[in-house]
Amino acid sequence: MSDKKRVSRRQFLNYTLTGVGGFMAAGMLAPMVRFAIDPVLQKQEGGTMHSVISVDEITNEPQRVEWTVDQVDAWYESQVQKTAWVYNDENGDILALSPICTHLGCTVDWASNDQYPDQFYCPCHGGRYTKDGVNVKGTPPTAPLPVYEHEVKEGMLYLGDSKSRKGA
Amino acid sequence: MLQKLYDWVDERVDITPLWRDIADHEVPEHVNPAHHFSAFVYCFGGLTFFVTVIQILSGMFLTMYYVPDIENAWKSVYYLQREVAYGQIVRGMHHWGASLVIVMLFLHTLRVFFQGAYKKPRELNWVIGVLLFFVMLGLGFTGYLLPWDNKAYFATQVGLEIAAATPVIGDGIRTLLAGDPSIVGAQTLTRFFAIHVFFLPAALFGLMAFHFILIRKQGISGPL
Amino acid sequence: MHRGKGMKFVGDSRVTAEKKANLPKDYSEYPGRTEAFWPNFLLKEWLVGSVFLIGFLILTAAHPSPLEQQADPTNAGYIPLPDWYFLFLYQFLKYQYAGGEFIVLGAIVMPGLAFGALLLAPFLDRGPERRPTKRPIAVGLMLLGVFATFWLTYESVQHADYAHRAEKYGVNVEAVESEIDKSGPGWEVYEANCMSCHGEALQGQGNYPSLMDTEKSADEIKDIAQNGIGQMPAGIFNGSDEELQQLADFIKNAGSGGGGEGGSSEGESSEEGSSEDGESASGH
């Protein structure tokens with residue numbers, strides 16, 4: 001064995017020391033890190049569907065519907081209000097759009113700006129979406145408004161979680 | 001690559017002497033358990049430090065879930081212990097570590113005392129060490145309240161009554177600690193939290209730094 | 001080290017420009033078997049630390065840290081107990097000349113003297129001798145203090161029944177996590193007549209037993225509500241027969257009705273039970 005490849009006693013001790021130190025750090029930190037990242041690894045539960053509005057009341061014009069959801073935030077349980085813009089599209093299908101602007105999370109409003117009567121308008125930075133929720137090019141948002149999962153049961157519209165859509 | 005980075009920093013900051021001083025300092029034969037098994041008594045100080053490190057780390061992680069508020073404190077502890085992965089272990093480390101650190105400190109103190117290691121020139125380091133002991137007891141006392149269970153609540157009430165027995169300033173001390181002259185409640189919990197998480201650890205770090213600098217400066221006491 | 005004229009610095013700093021060899025110190029010629037701290041000695045220390053850590057982790061895994069019921073300032077029956085390292089002081093104050101009228105003596109003067117002496121030990125024990133046998137007074141006093149502390153702690157532990165406390169004051173996991181149907185009429189009757197003793201979740205407290213998963217029949221429950229049982233006096237329930245029936249049905253069904261996923265049928269609140277539940281709960 002050439003002299004270069006030989007591990008000196010000192011080097012050997014250094015390697016062992018690093019190993020033992022690594023073991024101690026891992027033993028201490030592994031449970032703590034797993035503890036800290038637990039929320040990341042928690043599986044998302046599918047949200048339950050909530051009855052929000054009678055199907056008969058839905059028109060071609062987007063209208064604002066509100067409902068409350070029981071939210072469990074670790075040890076804190078509360079009721080959270082949710083909002084959606086609901087209307088029938090050209091094919092007669094129900095579309096429920098989330099009002100949360102995909103730019104920076106402000107709340108968009110239907111036809112609130114006189115200049116754009118047929119669009120969703122965000123007052124924060126002037127972001128605009130067409131009626132089907134697709135963002136208008138040249139305005140700040142880069143993705144369409146999220147869509148709520150929906151189903152119709154016994155003449156009532158049920159809404160679930162909102163799903164974000166790919167950018168246009 | 002790493003060597004080059006080191007050289008670059010070393011040229012500018014001259015860090016070699018800093019770590020060489022710590023790495024190369026002399027460890028005499030009489031404290032080395034490899035040569036004399038009875039030298040294991042010298043491990044108590046190091047183990048105290050080790051448990052302290054565990055306490056600091058586990059405490060930091062626990063505050064990710066804990067809230068110091070009488071409505072939610074118990075619920076958050078219950079949640080982190082039952083619902084969060086390894087919550088039982090992390091809280092357990094902090095809980096049992098608190099006991100172990102006292103045990104280790106006690107053994108370390110007895111070692112130093114019976115060896116007469118506090119004699120000239122190491123008087124000052126003994127005083128700092130005893131102050132560290134007091135800080136640890138304070139951390140134990142304040143930490144006991146934080147889960148806000150019955151045990152915590154009633155033990156703290158007893159502790160505050162003992163503090164209130166001090167002549168003249170007793171009631172003042174009690175109010176200062178509890179935040180209210182008669183209630184052990186919301187203000188007590190936030191105060192104890194602040195003391196446990198900020199004030200006493202700050203004192204602990206300062207005193208520990210002093211303790212270690214003095215050990216490094218004076219060296220370990222010689223054999224008997 | 002280079003001193004005086006001819007010193008070179010890095011830029012305008014005071015860091016010396018001279019290259020020094022980065023070599024470990026050589027202790028081979030020292031008398032005795034001196035070692036360098038890094039890596040020789042630290043390796044031994046860390047090996048001890050590793051063994052310690054393994055033991056420590058086994059301890060934490062084997063004994064989940066206890067958590068009692070949420071603090072209830074109105075709980076008059078609770079017997080307080082401090083953490084074990086304060087027990088010596090707690091026990092000391094029980095004695096006649098340390099507590100009561102002498103509380104200042106017991107709580108302030110005596111501990112103050114003891115800890116003050118500990119703090120100032122180097123200034124009280126000033127002789128040059130280090131061997132314990134050569135300084136009998138200091139060592140004797142310390143032994144006395146250590147012995148007294150141990151003895152007081154032992155006395156206090158003797159009087160505290162930890163197993164009983166864990167059972168009586170521990171969290172009844174099942175009760176906390178069960179969901180009781182509070183919508184029916186039975187809950188209202190329960191709330192009005194029984195809740196103050198048997199608790200919001202039928203979990204009981206102290207001497208009041210848990211009503212969860214009771215083995216008694218509806219008729220027996222009716223009888224107990226009216227006529228009492230054991231320490232429970234008669235005549236606690238006052239209401240109509242209809243309400244009595246609703247109450248009996250409510251208590252009978254409370255255990256089986258709620259609960260949710262798993263765990264509610266194991267009728268134990270021990271620490272082992274709770275740790276198992278904790279693991280299964282975290283797996284969702």
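A short reminder: the numbers here are calculations on the coordinates, not readings from a lab. These numbers come from a predicted model, not from an experiment. FYI the Cβ positions are ideal-geometry reconstructions off the backbone, even for glycines, and counts take in every protein chain you see.
Tabulated results
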{"item": "Top-ranked residue in segment B:116-130 [being more than 7 Å from chain C (Cβ to nearest Cβ) and assigned to a helix (DSSP H, G or I); ranked as nearest to the chain's Cα centre (by Cα)]", "result": "B:Gly129"}
{"item": "Complete set of residues in segment A:114-159 that are under 23 Å from A:His50 (Cα atoms), acidic (Asp, Glu) and not in a strand (DSSP E or B)", "result": "A:Asp132, A:Glu154"}
{"item": "Inter-residue pairs, beta-carbon under 8 Å, first under 17 Å from B:Tyr144 (Cβ atoms) and in segment B:62-76, second in a helix (DSSP H, G or I) and basic (Lys, Arg), 6+ apart", "result": "B:Leu62/B:Arg91"}
{"item": "Filter result (surrounded by fewer than 16 Cβ atoms within 10 Å (Cβ to Cβ) and either facing chain B (nearest Cβ under 9 Å) or part of a loop (DSSP other than H, G, I, E, B) (or both)) within segment C:126-142", "result": "C:Arg126, C:Gly127, C:Pro128, C:Glu129, C:Arg131, C:Lys134"}
{"item": "Hey, C:Ile103 more than 28 Å from B:Asn72 (Cβ to Cβ), at the interface with chain B (Cβ under 10 Å from one of its Cβ atoms), β-branched (Val, Ile, Thr) and within 26 Å of the chain's Cα centre (by Cα) or not", "result": "no"}
{"item": "Wholly within segment B:1-115, helices (runs of 4 or more DSSP H) carrying at least 2 residues that are under 26 Å from the mean Cα position of the chain (by Cα) and not polar (S, T, N, Q)", "result": "B:16-24, B:43-62, B:73-82, B:87-114"}
{"item": "Scope segment C:32-55; condition at the interface with chain B (Cβ under 7 Å from one of its Cβ atoms) and in a helix (DSSP H, G or I); matching residues", "result": "C:Phe37, C:Trp38, C:Phe41, C:Lys44, C:Glu45, C:Val48, C:Gly49, C:Phe52"}
{"item": "Selection within segment A:40-81 - touching a residue at least 12 places away in the same chain (Cβ under 8 Å), in a loop (DSSP other than H, G, I, E, B) and of a type outside the set (A, V, I, L, M, F, W, C)", "result": "A:Gly46, A:Gly47, A:Thr48, A:Thr59, A:Asn60, A:Glu61, A:Pro62"}
{"item": "Positions within segment A:110-144 being surrounded by fewer than 16 Cβ atoms within 10 Å (Cβ to Cβ) and either within 19 Å of A:Val86 (Cβ to Cβ) or in contact with a helix residue (DSSP H, G or I) (Cβ under 7 Å, 6 or more places away or on another chain) (or both), in sequence order", "result": "A:Ala111, A:Ser112, A:Pro117, A:Asp118, A:Thr130, A:Asp132"}
{"item": "Evaluation of C:Val15 against (1) aliphatic (A, V, I, L, M); (2) more than 7 Å from chain B (Cβ to nearest Cβ); (3) farther than 29 Å from A:Arg10 by Cα (one fails), failing number", "result": "(2)"}
{"item": "Subset of segment A:145-155 [surrounded by 16 or more Cβ atoms within 10 Å (Cβ to Cβ) and either out of contact with any Phe, Trp or Tyr (no Cβ under 8 Å at 6 or more places or on another chain) or without any contact (Cβ under 8 Å) to a residue 24 or more places away in the chain (or both)]", "result": "A:Pro146, A:Val147, A:Tyr148"}
{"item": "Segment C:61-78, residues that are farther than 25 Å from B:Asn72 by Cβ and either at the interface with chain B (Cβ under 7 Å from one of its Cβ atoms) or in contact with a Phe, Trp or Tyr (Cβ under 8 Å, 6 or more places away or on another chain) (or both)", "result": "C:Ala61, C:His63"}
{"item": "Selection count, segment A:55-106, where residues are surrounded by 17 or more Cβ atoms within 10 Å (Cβ to Cβ) and of a type in the set (Lys, Arg)", "result": "1"}
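Listed here are the residues, each with its yes/no results for (1) over 17 Å from B:Gly46 (Cα atoms); (2) aromatic (Phe, Trp, Tyr).
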{"position": "B:Ala73", "(1), (2)": "yes, no"}
{"position": "B:Leu80", "(1), (2)": "yes, no"}
{"position": "B:His94", "(1), (2)": "yes, no"}
{"position": "B:Gly97", "(1), (2)": "no, no"}
{"position": "B:Leu110", "(1), (2)": "no, no"}
{"position": "B:Phe114", "(1), (2)": "yes, yes"}
